[in-house]
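Structure, as structure tokens:
The values are calculated or read from the model by the stated rules, or taken from the named source; none is laboratory data. This structure is a prediction, so every number in the text was calculated from the model and none was measured. Heads up, the Cβs are rebuilt from the backbone with ideal geometry, glycines too, and the neighbour counts pull from every protein chain shown.
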Amino acid sequence: MSSAELHHHAQTSAPLPPHPEKATLEGRNKILGIWLLIGAETVLFACLFGTYLALRGSNMNGPTTEELFQIPMVAAATLILLTSSLTSVLGVVGMHQNNVKKVQLWFGITVLLGAAFLGLEIYEFIEYVHEGHTFTGSAFGSAFYTLIGTHGSHVLFGITWISSLMIQVARRGLTLETTPKLFVASLYWHFVDVVWVFIFTVVYLMGKVG
Amino acid sequence: METNVQHQPNQSVSEDRSMKYVLSFVWMLLLTGASFAIVTMHLVPENMVIPALLILAMLQVLLQFFTFMHLDFKKSRLTAVFTFSGIAIGFICAIALWLIS
Amino acid sequence: MATLVVLLVFALFIGAILTGGYNKQMIERFRSHWLWEWLTTVDHKKIGVLYALGGGFFFIFGGIEALLMRIQLFFPDNHFIVGRDFNELLSMHGTTMIFFVAMPLLFALMNVAIPLQIGARDVAFPFLNALGFWLFFAGALLMNLSWLFGGAPDSGWTNYVPIALNEYSPGTGIDYYVLGLQIAGFGTTMGGLNFLATIINMRAPGMSFLRMPLFTWTSFVASALVLFGFPPLTAGLFLVMFDRLFGAQFFEVALGGNPVIWQHLFWIFGHPEVYIVILPAFGVMSDVISNFARKRLFGYTSMVFATLLIGFLGFMVWAHHMFTVGMGPMVNSIFAIATMAIAVPTGIKVFNWLFTLWGGKITFTTAMLYAVGFIPTFVMGGVTGIMLSVPPADFQYHDTYFVVAHFHYVLIGGTVFGILSGLYYWWPKMFGYTLNETLGKWNFWIFFIGFHLTFLIQHVIGLYGMPRRYFTYQAEDGITLFNQISTVGAVMMAVGAILLVLNIFVSYRQRESLVAGGDPWDGRTLEWAIPSPPPVYNFAQLPQVRALDCWWHEKMEGNKEMEPAEPLESIHMPNDTPLPLIMSIGFFIAGLGLVFRAFEVGIVGLLVVIVAMFMRSFKPDHGYHIEVEEIKATEKGA
């Protein structure tokens, strides 16, 4: 069985195969599993999007989408998250080159960008609350904060996940065990970015054109 | 079930794909820029804005899937089938919630 | 109260660290206990048994709830259990039977059978498998605690808003529903994902998709429905939770909310859900019928195609539950036509079963009796389904006992008969001895007659105009006798269920004389090629699959066992781990905290989960090896 070899491999520290994340059955299972999870999460987010679209006109006495959203802030957040998607794929390139330093550098930048994105989002939420756009004030508010907040919590989970994998890589190096984990985490991170593409389109840009 | 852990030196195999990724990244930036431009500069007729935005978003997502995420119809067909089933079902859910509730 | 719980949990935590971390003797005493093995197992066969135990346990609750309702309806204008109490009974009966009985029992069969049928040593994610079970159990337990603390949910299993919001359902009942289902739903989603990955990645050499037994196929499609069907429920439950606990306004019309959103989310999940519970039952029927008719399944490929088509259409029909909401004639027509279209693949299946029986050499074991009884029963449920799919007619049937009769015909006549058939069929594989056939036949006939007595008459009760979920009726309505017949039938079903329990006890006592051997039914599929119960590693050498019904193929070729596809080597197995149980306890504490609005308790529970996740991620777990000598000894012993 594969993990027998994996175990064997960990002890002898033979050189990694070209695609270490797919070299073991465990690794292939993990990659398939994350794709299945991405499929499920797509439906989850789609339901939140649908709810938001149904309720976005119900702002009651609060500000409307056009009054609320600031294009520059959204553009900045988008740029940050899009760049982090690139840096995480560069981290995977480093992984394929068996280069621990490169992996740590690019994934480190990814985590920092993710944190910056979260900071910007929190700042944005505080601004909105000051303008009278609250979670409990209207159905629009509830739907908005639920959708964006769910995405934000995914970003937070991604940051935590990638950071903890960086610690493991620092301790154990790139092995047949850590590489599938890194690869899977980067897939998850791309997915978080994909969801944001729809958020800036459906929530912010479509909110601007009414 | 079989496993093949190939023990071969790998420096030659993983040539630097970085440039390819940077190129897709530039495409993504262009697509994003186009979306923002449509809204801020009123480039397309009013009734075409939302379809145009959705098409641009979909293009960018496909770009992510096939370049950054290495989705491959040939090598892992079922993975792609399940991913696109998720997108299709999600699309139906979102449209239904939007239009008939 | 909340602070007290927090302190208690911390005390337990510290206590665990102090006694567990430093007292080796204590750990050893725990680890050597037989219960520890079951609490920490990641073996799919044991998890299957755990699912069966859990499902059986909650079946008792759901059954008692049903009996109490039928007793209340025995006399017109009865005052046995009325009003809110009756609402709690019907809500808990529906929720329990669907989520905590039908699904775990099917997952039990899937866990036991799928890896054996495809020739795998375990599932793709053994850890996730265990976690799925424990989350289901934590969620089910949490919801049933509502009977003791703070009142049960009372808005029906569909939990429609706004009656499920704080204003109309104060107290903690609906919170139990929301959090219990959420936790159990996470577990179910993991289970579905795990089976998908197992079937895609873990098939034995030669086991192509079109050589898989039909139970594996239908479970595969059902797992896909779980994967895509549960997220809408997750989203919907979050919205209700936010409205109830955190003052969101999703469903509050005065602040722009829209209650129809919940109905959509619930039924986008709810309709695939009915296929999730019926498809694996179809698979059991196909395997059992083909086994006991001693014929290859008629139209195997069309069966697979029909299964896929049902899975696909299952997502396009949810709004037929909402015809009376007022979506307009256009939407209603589209969903009506899609609904009627499902009759086609289902009809293909029914005819294929009949043609498999045709000219077969049939043995009527209990498993086969359930399978044969299933066909006409399910067809009746299907026909009333077509009647309900016509919107103008549905306006008349909607929310009457006609609907109740319809879905009990498909859920009991389909799912429960399938589960019971599967239990009688795979029992020898699970435990090494068959169930007593004489008692089994009594069990079948009493349950079968009791079922039709209960529910056939409910069609008529519905056509007479009795609405579902009402706790009483008047003598002058002219339905007293009908209701009394129905109640008598329900009691008979209870007797049938007790006979099943009796059979399990009796068969356990007689297990020496009922000993099964590897292949008690002269089976066709791969699970019958290995000993019963199978050794922990299932297959000493992975088999080479050469045909559909591969074990039958080898027997016809004159072979005594499957041809091995690999040399005898040491086998790698995953380690047992208590982390799934700990994580589920964390979720349970968090759920309980949120139910009682003690958010600090909720956070403590989630912290337990997060810590356990870190432990799982950071601690390398390489599993262990079973050496060749040991395998040889085991194989000889069997």
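One table, with the values for the structure above:
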| quantity | calculated |
| --- | --- |
| Unmet requirement for C:THR234, which otherwise passes all of (1) without any contact (Cβ under 8 Å) to a residue 12 or more places away in the chain; (2) at the interface with another protein chain (Cβ under 7 Å from one of its Cβ atoms) | (1) |
| Of residues in segment B:59-69 being more than 8 Å from chain A (Cβ to nearest Cβ) and free of Cβ contacts under 8 Å to residues at least 12 places away in the same chain, the one farthest from C:MET322 (Cα to Cα) | B:PHE66 |
| Residue that is farthest from the other protein chains (Cβ to nearest Cβ) [pool: residues in segment B:70-96 that are outside any helix (DSSP H, G or I) and surrounded by fewer than 15 Cβ atoms within 10 Å (Cβ to Cβ)] | B:LYS74 |
| Helices (runs of 4 or more DSSP H) fully within segment A:12-130 counting 3 or more residues that are in contact with a Lys or Arg (Cβ under 6 Å, 6 or more places away or on another chain) and over 30 Å from B:ILE100 (Cβ atoms) | none |
| Test for C:ASN194: is it touching a helix residue (DSSP H, G or I) at 6+ places or on another chain (Cβ under 6 Å), crowded, with 20+ Cβ neighbours inside 10 Å and within 14 Å of chain A (Cβ to nearest Cβ) | yes |
| Residues (of a type in the set (A, V, I, L, M, F, W, C) and surrounded by 22 or more Cβ atoms within 10 Å (Cβ to Cβ)) located in segment C:153-176 | C:VAL161, C:ALA164, C:ILE174 |
| Lone unmet requirement of (1) within 12 Å of another protein chain (Cβ to nearest Cβ); (2) within 19 Å of the chain's Cα centre (by Cα) for A:PHE117 | (1) |
| Unmet requirement for C:ILE342, which otherwise passes all of (1) under 17 Å from C:PHE282 (Cβ atoms); (2) surrounded by fewer than 18 Cβ atoms within 10 Å (Cβ to Cβ) | (2) |
| Cross-chain or 6+ apart pairs with Cβ under 8 Å, segment C:111-139 first and closer than 21 Å to A:LYS30 by Cα, then in a loop (DSSP other than H, G, I, E, B) and among the charged types (D, E, K, R) | C:PRO115/C:ARG121; C:PRO115/C:ASP122; C:ILE118/C:ARG203; C:GLY119/C:ARG203; C:ALA120/C:ARG203; C:ASP122/C:ASP43; C:PRO126/C:ASP43 |
| Extreme residue, farthest from the other protein chains (Cβ to nearest Cβ), among residues of segment B:33-43 that are of a type in the set (A, V, I, L, M, F, W, C) and surrounded by 15 or more Cβ atoms within 10 Å (Cβ to Cβ) | B:ALA34 |
| Which numbered condition B:ARG77 misses (of (1) more than 30 Å from C:LEU233 (Cα to Cα); (2) modelled with pLDDT under 90) | (1) |
| Residue within segment C:201-221 that is at the interface with chain A (Cβ under 9 Å from one of its Cβ atoms), within 23 Å of the chain's Cα centre (by Cα), at pLDDT 95 or above and closer than 30 Å to C:ILE375 by Cα present | no |
| Within segment C:253-274, considering residues that are part of a loop (DSSP other than H, G, I, E, B) and within 7 Å of chain A (Cβ to nearest Cβ), the one farthest from the chain's Cα centre (by Cα) | C:GLY256 |
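Yes or no, residue by residue, for (1) closer than 27 Å to A:THR65 by Cα; (2) more than 10 Å from chain B (Cβ to nearest Cβ); (3) out of contact with any Phe, Trp or Tyr (no Cβ under 6 Å at 6 or more places or on another chain):
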site	(1), (2), (3)
A:ARG172	no, yes, yes
A:LEU176	no, no, yes
A:LEU182	no, yes, yes
A:ILE199	yes, no, yes
A:TYR204	yes, no, no
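Residues are listed down the side, and each one gets a yes or a no for (1) modelled with pLDDT under 90; (2) more than 7 Å from every other protein chain (Cβ to nearest Cβ):
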{"position": "B:SER18", "(1), (2)": "yes, no"}
{"position": "B:SER24", "(1), (2)": "no, yes"}
{"position": "B:GLU46", "(1), (2)": "yes, yes"}
{"position": "B:VAL49", "(1), (2)": "no, no"}
{"position": "B:ALA52", "(1), (2)": "no, yes"}
{"position": "B:ALA57", "(1), (2)": "no, no"}
